[in-house]
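To keep things clear, I will list the structure first and then write my remarks on it.
The values are calculated or read from the model by the stated rules, or taken from the named source; none is laboratory data. In this text the structure is predicted, and so the values were computed from the model without any measurement. Methodologically, a virtual Cβ is constructed for each residue, glycine included, from the backbone with ideal geometry; neighbour enumeration extends over all protein chains shown. Quick note on the areas: whole protein, heavy atoms, side chains included, nothing else; ligands and nucleic acids left out. Shrake-Rupley method; radii C 1.70, N 1.55, O 1.52, S 1.80 Å.
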Amino acid sequence: MFEEKAECNNLSDLLSQLTGAIEQYQRFEHPDAMSTVDSWKAALSGSVPSTGIGAEQVIGEIGQHVMPNGSQIAKPGCTSYITTAATDMGSIATLAGIVASPQRIGMTAFNHLEGVALNWLAEMFDLPTGMQGVFSSGGSTANLIGLGAARQSAFEQVGLDPANDGVQRACKVYATEHSHHTVHRAVAVLGMGRNAMVHVPVDNMMRLSPTALKGLLLEDKKSDALPVAIVANAGSTNTGSIDPLQEIGEIAREHNIWFHVDGAYGLPGTLDPQVHDLYKGLALADSITVDAHKWLGAPVGVGATFVRDVQAQYKTFNQGEAAYIETTTVQNEHVENSMDAIGFPYHDLGVELSAPARGAIVWALIREIGVEGVKARICRHNGMARRVADLVKSEPNLELALEPTLSVCCFRYVHENVSDLNELNKKIHRQLMKNGVNIPSTTMVDSKLVIRPCFLGARTDWHHADDLVNEVLEIGRELISQEK
Ligand SMILES: Cc1ncc(COP(=O)(O)O)c(C=O)c1O
C-alpha cells in the first residue's frame, strides 16, 4: 500500500531516476510515437487502479512508456508550430516554482519575480512606459485580457459598464484574416460574438491595409455598432508579417479606438536591427501581448499582456472580495510574515486566481543569457528564414511565396510537368513528417499550399535551414521521378 508514501518521497532521488529518460529524449532521435502506438497505449490504458504501485514504479513507467512517446515538437528540426521545447533553464525554473510556489500570492520571491520579469520584458522590447503587465497561460488568454480591457474602455465611453451589466451593444473588432483565431475566440468569450470581427483587407505582404481600415471605419460610423478595438499583428502566425503599426496606431488614436497588438510570436523580433523599425508604432498601443513559451524558450503555459489603462483591465477582471483572503491578510499594515499580505494582486488583472510562478521562469531565462543572448537567437532565426529564401531563389524547382519578415519562410516545390502543385507539396510535406527530422508545417498563401518553417527553438540552428531545403528538393525530385 503506497497511499501514505506520496508525502515522504525524496524528490531529488526520484528526479535522479528520471535522468536516463531525460537524456534519451533530449538526443531527439526517438521514433515517432505512432510507430509503437499499440504497445504504449496498451501499457498506459486500463481502468483506475485500486492500489498504487509507488513512486519508483511510476517513474519507471514514465521513462519506459511516456517520455519516449512524447512530442516531435521538441526536436530542433521541428519548425511547424509556434511552440517549441523549453530550454533547460525553463524546465529547471518551472520545477523550482512548482516545488516552492504553490501560489503566486504572498510576499515571496516568486511574487516579486512576476513584477521583475514583466518589467524586464517591457524594457527588453521597448514597450511604452507605464503599461501594467500580467502573466497568463499563453497567447489565447493574453489576447482575451487585452481585449477585455478594450471592451470596458469602449463601453465606458458611451456610459455603459459591460463588466457589471453585460454587453448591451453590437460591437466591431477590426483585424485581418491573418489575425490568430484566438482573437476571434476572445471576442466571442467576451460576449461580443464572432460576427463582431471585421476582416480588413491586406496588401501583397499580408499586412493590414491602412487605407482599407480607414474606409471601413468611416462606413461603420453609419451603423450603431460600437468599435471596440483594432487588432494588429506584430508577427502573424501564417507568414510572420508585421502590420503597419505606426499607421494603424495613428488611425486608432484619430478614431479613439483601442489599439491591441498581438505580439505573441513576433514581439521579440524588435531585437533584430534589420526589422526593428517595423515596431515603431508600438508606442501607440493600448495593449500588447507576447508569449514567453514561443521565442523565449519557456515551457508551454507562459504568456504576458501589457495594458495602458489598468483601470479598465481591473474593472473587467477583478475577482471581487473573498472573505477567506481579505480576513487572512492585511492591507496597509506592517507586513511581518510572507503570508500577511497577498503581494501584488495579479489575480485581479486576468482570469486566474491560482497560477504557476511564471515570472520566475521568465526571470531565469533572461538572467541566464541576457538580452544579448535573446537577441542573438532572434537574429539567428530571422537570418535562417532569409537564408531559406535565398536558397529557394537560387533553385529553379523552388518558388518563394513571400519575402520573410521574421523567422517564417513560405515556399513551395514547382515543376513544369505537374499541374496540381498543391497536391505535390502536400505529398512532400507528408514525406517530411514521415522522415521525422525536418518537420515544417504547411499553409495557404494566395491559394497556394506552401511549406512553412517557423524557426523558433533555442536548439534550432543554421544547418536546419539548409537541411530542410535540401530534403524538400530531394523528396520533390523523387516524387517527380516516380510520376514519369
Ligand atoms: C500571433 C499569435 N497569437 C496568439 C497565439 C495563441 O497562443 P497560445 O497558443 O499560446 O494560446 C498564437 C499561437 O501560435 C500566435 O501565433
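Could you tell me how many of the residues in the range 398-431 are open to solvent by 40 Å² or more (accessible area, probe 1.4 Å) and polar (S, T, N, Q)? Break it down stepwise before answering.
Taking the range 398-431 first, the residues open to solvent by 40 Å² or more (accessible area, probe 1.4 Å) are 399-400, 403, 416-417, 419-420, 422-423, 426-427, 430-431.
Of the ones still in play, those that are also polar (S, T, N, Q) are 417, 419, 422, 431.
Summing the residues that are open to solvent by 40 Å² or more (accessible area, probe 1.4 Å) and polar (S, T, N, Q) in the range 398-431 gives 4.
So which of SER80, SER16 ends up being touching a residue at least 40 places away in the same chain (Cβ under 8 Å) and among the polar types (S, T, N, Q)? Give the derivation first.
Details: SER16 fails: touching a residue at least 40 places away in the same chain (Cβ under 8 Å).
Result: SER80 is the single residue among SER80, SER16 that is touching a residue at least 40 places away in the same chain (Cβ under 8 Å) and among the polar types (S, T, N, Q).
Looking only at residues in the range 247-264 that are surrounded by fewer than 24 Cβ atoms within 10 Å (Cβ to Cβ) and not aliphatic (A, V, I, L, M), which one is nearest to the ligand (Cβ to nearest atom)?
Looking at residues that are surrounded by fewer than 24 Cβ atoms within 10 Å (Cβ to Cβ) and not aliphatic (A, V, I, L, M), I get GLY249.
Does any residue in the range 299-324 that is without any contact (Cβ under 8 Å) to a residue 60 or more places away in the chain and not assigned by TED's automatic domain parsing to the domain that holds ASN164 come within less than 8 Å, Cβ to Cβ, of a residue that is surrounded by fewer than 24 Cβ atoms within 10 Å (Cβ to Cβ) and of a type in the set (S, T, N, Q) six or more places away or on a different chain, and which pairs are these?
Filtered contacts from the range 299-324: no entries.
Return the only residue of LYS448, LYS434 being at pLDDT 95 or above, surrounded by fewer than 24 Cβ atoms within 10 Å (Cβ to Cβ) and more than 27 Å from VAL300 (Cα to Cα).
Values: LYS434 fails: more than 27 Å from VAL300 (Cα to Cα).
Exactly one of LYS448, LYS434 is at pLDDT 95 or above, surrounded by fewer than 24 Cβ atoms within 10 Å (Cβ to Cβ) and more than 27 Å from VAL300 (Cα to Cα), namely LYS448.
So which helices (runs of 4 or more DSSP H) are wholly in the range 29-103 and hold at least 1 residues that are in contact with a Cys (Cβ under 9 Å, 6 or more places away or on another chain)?
Details: elements: 37-44, 55-61, 88-100.
It comes to none.
Tell me whether the range 139-146 contains one or more residues that are small (Gly, Ala, Ser), outside any helix (DSSP H, G or I), assigned by TED's automatic domain parsing to the domain that holds MET206 and open to solvent by 30 Å² or more (accessible area, probe 1.4 Å). I'd like the intermediate steps shown before the answer.
The initial filter retains those residues of the range 139-146 that are small (Gly, Ala, Ser), namely 139-140, 142, 146.
Within this subset, residues satisfying the condition of being outside any helix (DSSP H, G or I) are none.
Checked against the condition, which is being small (Gly, Ala, Ser), outside any helix (DSSP H, G or I), assigned by TED's automatic domain parsing to the domain that holds MET206 and open to solvent by 30 Å² or more (accessible area, probe 1.4 Å), the range 139-146 yields no hits at all.
Got at least one residue in the range 338-350 being modelled with pLDDT of 95 or more, in contact with a Ser or Thr (Cβ under 6 Å, 6 or more places away or on another chain), under 25 Å from GLY138 (Cβ atoms) and surrounded by 17 or more Cβ atoms within 10 Å (Cβ to Cβ)?
The answer is yes, given that some residue of the range 338-350 is modelled with pLDDT of 95 or more, in contact with a Ser or Thr (Cβ under 6 Å, 6 or more places away or on another chain), under 25 Å from GLY138 (Cβ atoms) and surrounded by 17 or more Cβ atoms within 10 Å (Cβ to Cβ).
Check ALA100 against each of (1) aliphatic (A, V, I, L, M); (2) within 26 Å of VAL302 (Cα to Cα); (3) outside the structural domain of GLU352 (by TED's automatic domain parsing); (4) open to solvent by less than 80 Å² (accessible area, probe 1.4 Å) and name the one condition it does not meet.
Going through the list (1) aliphatic (A, V, I, L, M); (2) within 26 Å of VAL302 (Cα to Cα); (3) outside the structural domain of GLU352 (by TED's automatic domain parsing); (4) open to solvent by less than 80 Å² (accessible area, probe 1.4 Å), ALA100 breaks only (3).
Please enumerate the residues belonging to the range 431-484 that are assigned to a helix (DSSP H, G or I) and of a type in the set (Asp, Glu).
Once the filter is applied, which keeps residues that are assigned to a helix (DSSP H, G or I) and of a type in the set (Asp, Glu), the range 431-484 yields ASP466, ASP467, GLU471, GLU474, GLU478, GLU483.
Which ones in the range 283-304 are surrounded by 24 or more Cβ atoms within 10 Å (Cβ to Cβ), more than 9 Å from the ligand (Cβ to nearest atom) and of a type outside the set (Val, Ile, Thr)? Break it down into steps so the answer makes sense when it comes.
The initial filter retains those residues of the range 283-304 that are surrounded by 24 or more Cβ atoms within 10 Å (Cβ to Cβ), namely 285-298, 302-304.
Going one step further and asking which of them are more than 9 Å from the ligand (Cβ to nearest atom), we end up with 285-288, 290, 292, 295-298, 304.
ALA285, ASP286, SER287, ALA292, TRP295, LEU296, GLY297, ALA298, ALA304, listed by residue number.
Just wondering, is there one or more residues in the range 152-161 that are closer than 30 Å to THR211 by Cβ, modelled with pLDDT of 95 or more, within 16 Å of the ligand (Cβ to nearest atom) and assigned by TED's automatic domain parsing to the domain that holds TYR314?
No, because not a single residue in the range 152-161 is closer than 30 Å to THR211 by Cβ, modelled with pLDDT of 95 or more, within 16 Å of the ligand (Cβ to nearest atom) and assigned by TED's automatic domain parsing to the domain that holds TYR314.
Report the residue count in the range 265-274 for those that are open to solvent by 10 Å² or more (accessible area, probe 1.4 Å) and among the aliphatic types (A, V, I, L, M).
1
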